[in-house]
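Let me begin by presenting the structure, written as structure tokens, before commenting on it.
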């Protein structure tokens, strides 16, 4: 979360310049970075596109702490309804993302 105190502007810039602009605002003292926590319950209900997005978001400098909650054991990873791929994984989470998590 980015907090800017009493300074608002409607400047448009390209998405790839966002990290540079944010770093400049933080260095100038215009904004501060307040990390957050993202809690996702019933993670086995997410589909493969959601997991792909979360996987990329976790690699970002601005990524929050993410907590996944699931009460399922080994179950299918959800894909689009039109796809007939049958992949099972613990907690319904893709293996490539599961390898990066701490399970408690």
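The values are calculated or read from the model by the stated rules, or taken from the named source; none is laboratory data. Bear in mind that the values here come from a model prediction, so they are computed numbers and not experimental data. In this analysis, Cβ positions are derived from the backbone assuming ideal geometry, glycine residues included, and neighbour counts consider all displayed protein chains.
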Inset, instruction - With the condition kept exactly as written, say whether any residue in region 66-76 is surrounded by 11 or more Cβ atoms within 10 Å (Cβ to Cβ), under 27 Å from residue 16 (Cβ atoms) and either in contact (Cβ under 8 Å) with a residue 12 or more places away in the chain or in the same structural domain as residue 15 (by TED's automatic domain parsing) (or both). - result: yes
Legend entry - Boolean, residue 46 is in contact with a strand residue (DSSP E or B) (Cβ under 8 Å, 6 or more places away or on another chain) and surrounded by 14 or more Cβ atoms within 10 Å (Cβ to Cβ): yes
Legend entry - Output for region 84-100, where each listed residue is surrounded by 14 or more Cβ atoms within 10 Å (Cβ to Cβ), within 18 Å of the chain's Cα centre (by Cα) and over 15 Å from residue 53 (Cα atoms): 91, 92
Legend entry - Out of 18, 54, 33, sole residue that is surrounded by 12 or more Cβ atoms within 10 Å (Cβ to Cβ) and modelled with pLDDT under 85: 33
Inset, instruction - Identify, by number, the condition in (1) in contact with a helix residue (DSSP H, G or I) (Cβ under 8 Å, 6 or more places away or on another chain); (2) under 23 Å from residue 33 (Cβ atoms); (3) outside any loop (DSSP other than H, G, I, E, B) that residue 62 doesn't meet. - result: (3)
Inset, instruction - Residue by residue through region 25-48, note down the ones that are touching a residue at least 24 places away in the same chain (Cβ under 8 Å), more than 17 Å from the chain's Cα centre (by Cα) and within 18 Å of residue 61 (Cα to Cα). - result: 31, 32
